[in-house]
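Everything on this sheet refers to the single structure shown next.
The values are calculated or read from the model by the stated rules, or taken from the named source; none is laboratory data. Remember, it's a predicted structure, so these values are computed and weren't measured experimentally. Cβ coordinates were reconstructed from backbone atoms using ideal geometry, including for glycine residues, and neighbour counts include every protein chain displayed. Accessible surface is based on the protein model in full, side chains and every heavy atom, while ligands, DNA and RNA are left aside. Shrake-Rupley method; radii C 1.70, N 1.55, O 1.52, S 1.80 Å.
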Amino acid sequence: MLKRLFSRHQRSSSDSRRTDKTADGPVSLPAKQHSLTPESLSPGAVKVLKRLNEAGFKAYIVGGGVRDLLLGAKPKDFDVATDAHPEQVRSLFKNSRIIGRRFRLVHVLFGREMIEVATFRAKLDENSPANQTAPNTSSDQRGRSKRGQQNVSQQRLSQQGQILQDNIFGSLDEDAVRRDFTINALYFGIDDQNILDYSTGLEDIDKQTIRLIGIPTERYKEDPVRMLRAVRFAAKLDFSIAPDCAQPIFELGPLLSNIPAARLFEENLKLFLGGYAAKVFPLLQQYQLLEQLFPLTQESLSNNSVAQKLIDQALANTDQRIASGKPVTPAFLIAVFLWHPVKLRQQELQQAGLSPMAATQKAGQEILAQQRQQLSIPKRFTLVVKEIWEYQLRLPIRSAKRAELLVQTPRFRAAYDFLLLREHSGEIEPGLGQWWTDYQEADPSKRHQMAVAAPRAKRQRSRKKPRKPKTTSD
Ligand code: ATP
Ligand code: MG
């Protein structure tokens with residue numbers, strides 16, 4: 001579809017790599033030539049665009065909303081770009097709140113739907129005196145209250161060129177060039193229903209290419225998370241990363257260590273809980289980014305086909321669960337990623353005399369502490385991760401009382417799924433998983449019989465250290 005539509009608008013390739021705002025205006029794909037209509041959007045997105053337009057502001061759907069619809073997919077969410085400042089957006093929607101410090105924007109809520117509204121941003125102009133005022137917000141232009149016109153916008157760069165704060169407001173064409181990828185810089189407005197393309201977004205959708213806007217190394221240095229985003233979109237859309245955007249990742253990957261832990265964790269959720277984790281994981285490995293996020297996992301995979309199988313199966317299951325609308329917790333995948341490093345350490349600790357449970361707990365603590373140096377995991381998830389690991393030692397002990405208690409705990413299901421994966425990966429003999437499957441399906445009397453007949457698992461204790469001989473003082 002796009003091929004046919006876009007061929008009429010194709011530019012020469014040198015012309016089409018234009019990425020600065022000084023070049024002539026955007027390519028505008030008229031309504032007749034593409035399939036997007038206001039009906040393609042969510043009712044919430046339409047409301048936001050309409051109200052902003054009625055108040056005299058420009059407003060467009062940008063990013064995944066346009067990109068995914070052009071590709072015939074359902075967008076995850078709708079992002080809006082506007083020339084209204086956050087305070088102005090806030091004052092138009094009761095159901096909204098301003099969020100973010102590094103990047104201030106407004107979340108507008110409609111029931112469970114959330115529309116993210118961002119004010120057009122400009123790049124830092126080192127020659128501009130203050131970077132403190134928005135260029136396009138004269139109140140006479142729109143005749144609105146001065147509230148919200150105080151401009152707190154600012155952009156700060158680290159010494160490595162990383163953007164620490166991105167709040168300089170700008171015009172639409174400035175906004176387009178500071179976006180990450182060409183395919184994410186397409187704008188759709190509901191007034192004229194044209195699609196605006198300021199770089200080569202339409203062409204790159206057609207060519208199935210992830211291409212940064214601007215100079216790749218600079219754009220990655222400004223925001224190293226863009227490396228993860230490149231991989232994520234490549235996996236999600238089945239696109240390839242343009243060679244000049246792929247190459248710098250190998251060298252610049254370590255810059256991810258400058259990203260605040262909380263943001264990296266958020267990005268990690270997007271990578272693995274978007275429904276395409278099985279494609280993301282090998283791509284992260286290919287670009288040497290897995291070692292930036294989960295170095296112990298990467299290490300545990302060398303020559304360990306059992307560890308690889310466990311992860312592959314868990315990623316595939318996660319994608320399936322998401323596809324069928326089942327809930328997923330990041331804790332499960334984290335437990336999987338770190339299981340083999342934990343096991344290795346647990347064995348060492350057991351040899352040093354700790355009981356299996358004490359060794360598992362200590363190994364878990366140590367591995368999570370090491371993991372925290374790269375990507376910190378919120379405590380509400382690490383608690384679950386540790387429980388899943390500890391349950392692996394509890395599940396083999398099946399006296400009637402214990403089995404009945406265990407099966408009723410909130411963590412049982414995840415621990416049981418984890419056990420099944422361990423069996424499928426060949427780490428342990430099959431059998432126990434089936435026993436628990438049957439147990440869950442059995443009625444109370446059958447459960448009792450099963451527990452009585454279950455092989456007795458020995459509760460292992462720590463090896464007793466020989467007592468020191470008492471010293472006599474004669
Ligand atoms: P999806 O929502 O499907 O994950 P998306 O493209 O909408 O994909 P978002 O994270 O929702 O991604 O961001 C919305 C838009 O904001 C992007 O399409 C892009 O234009 C811009 N954007 C997001 N993150 C960055 C970034 N780190 N650097 C530059 N632009 C970004
Ligand atoms: Mg989005």
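List the pairs from Lys50/Lys123; Lys47/Lys74; Lys279/Lys326 whose alpha-carbon separation is above 21 Å, in the order I gave them.
In this structure, Lys50/Lys123 lie more than 21 Å apart at Cα.
Seen from Gln288, the other residues with C-beta closer than 14 Å to its C-beta sum to a net charge of -3, counting Lys and Arg as +1 and Asp and Glu as -1. Only Cα pairs under 8 Å and 6+ residues apart enter the sum, and on that basis the relative contact order of the range 278-453 stands at 22 percent. Close amide H contacts of Gly170 (hydrogens built in the peptide plane, cut-off under 5 Å, sequence separation of 5 or more or a different chain): Phe120, Arg121, Ala122. Put simply, the amide H of Leu157, placed in the peptide plane, has neighbours under 5 Å in Leu164, leaving out anything fewer than 5 places away on its chain.
Placing +1 on the Cβ of every Lys and Arg and -1 on the Cβ of every Asp and Glu, with nothing else charged, gives the range 347-395 a dipole about its Cα centre of roughly 200 debye.
When the alpha-carbon atoms of the range 330-422 are used, the pair Rg, Dmax equals 13.3, 43 angstrom.
Site pair Glu404 and Asp244 shows an inter-label distance of 7.1 nm when each label is modelled 7 Å from Cα along Cα→Cβ. The length gained on full extension between Asn95 and Ala73, counted as 0.36 nm times the residue separation minus their Cα-Cα distance, comes to 5.1 nm. Computed extension length for Asn53-Gln33: 4.9 nm, one decimal, from 0.36 nm per residue of separation with the Cα-Cα distance subtracted.
Computed from the Cα positions only, the extents of the range 278-453 along the three principal axes stand at 54, 45, 31 Å, in decreasing order.
Under 5 Å between amide hydrogens, built in the peptide plane, is the criterion, and for Phe110 it picks out Ile115 among residues at least 5 positions away or on other chains.
Solvent-accessible surface of the range 278-453, averaged per residue with a 1.4 angstrom probe and all protein chains in place: 48 square angstrom. Were the residues from Asn303 through Ser158 laid out at 0.36 nm apart, the gain over their Cα-Cα distance would be 48.3 nm.
As a calculated quantity, the FRET efficiency between Ile215 and Ser355 at R0 = 51 Å, using C-beta atoms, amounts to about 0.35. Taking other residues whose beta carbon is less than 15 angstrom from the beta carbon of Gly431, and scoring Lys, Arg as +1 and Asp, Glu as -1, yields -1.
Each residue of the range 325-339 is assigned a 3J(HN,Hα), and the resulting list reads x, 7, x, 9, 10, x, 4, 5, 5, 5, 4, 5, 4, 9, 5 Hz, derived from the Karplus form 6.51 cos²θ - 1.76 cosθ + 1.60 (θ = phi - 60°), x at Gly and Pro.
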